[in-house]
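**Student:** Take this structure first; my questions come after.
The values are calculated or read from the model by the stated rules, or taken from the named source; none is laboratory data. If you're wondering where the values come from, they're calculated on a predicted model, not measured in any experiment. Cβ placement follows ideal geometry from the backbone for every residue including glycine, while neighbour counts extend to all protein chains displayed.
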Amino acid sequence: MVNSMTGFASVTGQHDHVSWAWEMRSVNNKGFDLRQRLPDGCEQLEKAVKSKVSAKCARGTIFVSLKIKQDELGATPVLNMAALDAVIAAEKIAVNAAKMAGLGVRETDVSTLLSLPMVLGRQVSDSENDAEWIGAAGAQLDELVNKFADARADEGAALTKALQSQIASIAKLTDAAATSADLRQDVVKARLQSQLAAILDASDGLDETRLEQELAIIAVKNDITEELDRLRAHADAAKALLKTKGAIGRKFDFLMQEFNREANTLCSKSGSTELTRIGLDLKTIIDQMREQVQNVE
């Protein structure tokens with residue numbers, strides 16, 4: 001079963017006058033990297049977050065955040081005296097400047113001053129209920145992590161279909177390369193025999209056996225049977241990996257390097273326009289497949 005390294009999940013909750021929202025998302029990473037952003041006073045949740053996330057996820061950079069909000073009834077008004085003094089001082093200066101300019105001045109009442117956010121704010125209280133809402137938020141971690149794991153599994157299912165299609169394309173191109181190589185073999189053999197005969201006719205005292213051995217070595221170097229066999233073996237290994245449980249991304253990434261190595265060798269040995277075309281098509285599919293593999297956990 002393939003899981004994606006990207007995903008997103010969120011869960012919301014409320015207790016008395018406190019509401020909160022959990023969010024969890026991830027991006028690609030060669031290893032496992034958990035980053036938490038929790039409000040002050042929620043440090044007790046960090047261990048639980050790490051334990052539950054690491055139990056479900058093996059790779060990726062994973063961000064977990066908890067945002068809280070307290071409504072007006074549950075917040076404590078806080079008077080900022082420094083801001084109030086600054087506002088009053090600024091108002092006095094403005095009033096004097098207005099009078100000197102002959103402008104009318106209307107007195108500012110206390111309620112107007114207190115309506116300014118910089119003067120009268122609201123602060124989340126450290127009430128006895130903090131432990132209750134933090135506990136209620138912590139109880140949602142299983143739901144959050146399970147939703148996140150389901151999201152990565154859904155993306156993984158889409159990845160699986162794409163990879164299966166690409167593996168099938170590689171297998172098809174490998175068969176086409178084998179057919180093209182068989183057709184090329186007869187042509188190459190006839191050409192080598194013709195060249196050998198021409199050389200023998202034009203040369204005196206040439207060691208015919210030695211020449212045949214050299215030509216045989218050339219033929220072996222141009223043979224792509226081993227490359228085709230390894231491409232088929234890699235395709236079978238890729239199919240098997242798609243059915244394997246757990247994190248398979250690193251193994252898949254290594255397998256893509258092997259795919260690419262065989263495709264490069266096939267192109268270097270092609271010796272024909274058709275085989276070269278097939279080799280380049282293979283390299284294109286392998287490169288596309290490698291991009292998909294980067295998302296596999």
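**Student:** Could you check region 247-297 and list, in sequence order, the residues that are farther than 25 Å from Ala178 by Cα, assigned to a helix (DSSP H, G or I) and of a type in the set (A, V, I, L, M)?
**Tutor:** Across region 247-297, the qualifying residue is only Val293.
**Student:** Among the residues of region 34-58, which ones are crowded, with 16+ Cβ neighbours inside 10 Å and either of a type in the set (A, V, I, L, M) or touching a Lys or Arg at 6+ places or on another chain (Cβ under 7 Å) (or both)?
**Tutor:** Answer for region 34-58, where residues must be crowded, with 16+ Cβ neighbours inside 10 Å and either of a type in the set (A, V, I, L, M) or touching a Lys or Arg at 6+ places or on another chain (Cβ under 7 Å) (or both): Leu34, Leu38, Leu45, Val49, Val53, Ala58.
**Student:** Only one of these is modelled with pLDDT of 90 or more and of a type in the set (Gly, Ala, Ser): Gly271, Gly249. Name it.
**Tutor:** Only one candidate qualifies: Gly249.
**Student:** Another one. Filtering region 70-92 down to residues that are buried (at least 16 other Cβ atoms within 10 Å of the Cβ) and within 43 Å of the chain's Cα centre (by Cα), which residue is modelled with the lowest pLDDT?
**Tutor:** Gly74
**Student:** Restricting attention to region 1-55, which residues are in a helix (DSSP H, G or I) and touching an Asp or Glu at 6+ places or on another chain (Cβ under 7 Å)?
**Tutor:** If the condition is that a residue be in a helix (DSSP H, G or I) and touching an Asp or Glu at 6+ places or on another chain (Cβ under 7 Å), then Lys52 is the only one that fits.
**Student:** Here's another thing I want to ask about it. On the given criteria, is Glu43 out of contact with any helix residue (DSSP H, G or I) (no Cβ under 8 Å at 6 or more places or on another chain) and without any contact (Cβ under 8 Å) to a residue 24 or more places away in the chain?
**Tutor:** yes
**Student:** For region 56-69, does any single residue satisfy the condition of being of a type in the set (Gly, Ala, Ser), part of a strand (DSSP E or B), modelled with pLDDT of 95 or more and over 30 Å from Leu241 (Cβ atoms)?
**Tutor:** yes
**Student:** Let me ask something else about it. Kindly indicate which of Ser115, Ser111, Ser169 is modelled with pLDDT of 95 or more, more than 26 Å from Leu38 (Cα to Cα) and small (Gly, Ala, Ser).
**Tutor:** The match here is Ser169.
**Student:** Considering only region 241-256, state which residues are surrounded by fewer than 21 Cβ atoms within 10 Å (Cβ to Cβ) and more than 14 Å from Ile170 (Cβ to Cβ).
**Tutor:** If the condition is that a residue be surrounded by fewer than 21 Cβ atoms within 10 Å (Cβ to Cβ) and more than 14 Å from Ile170 (Cβ to Cβ), then Lys243, Thr244, Lys245, Gly246, Ala247, Arg250, Lys251, Asp253, Phe254 are the ones that fit.
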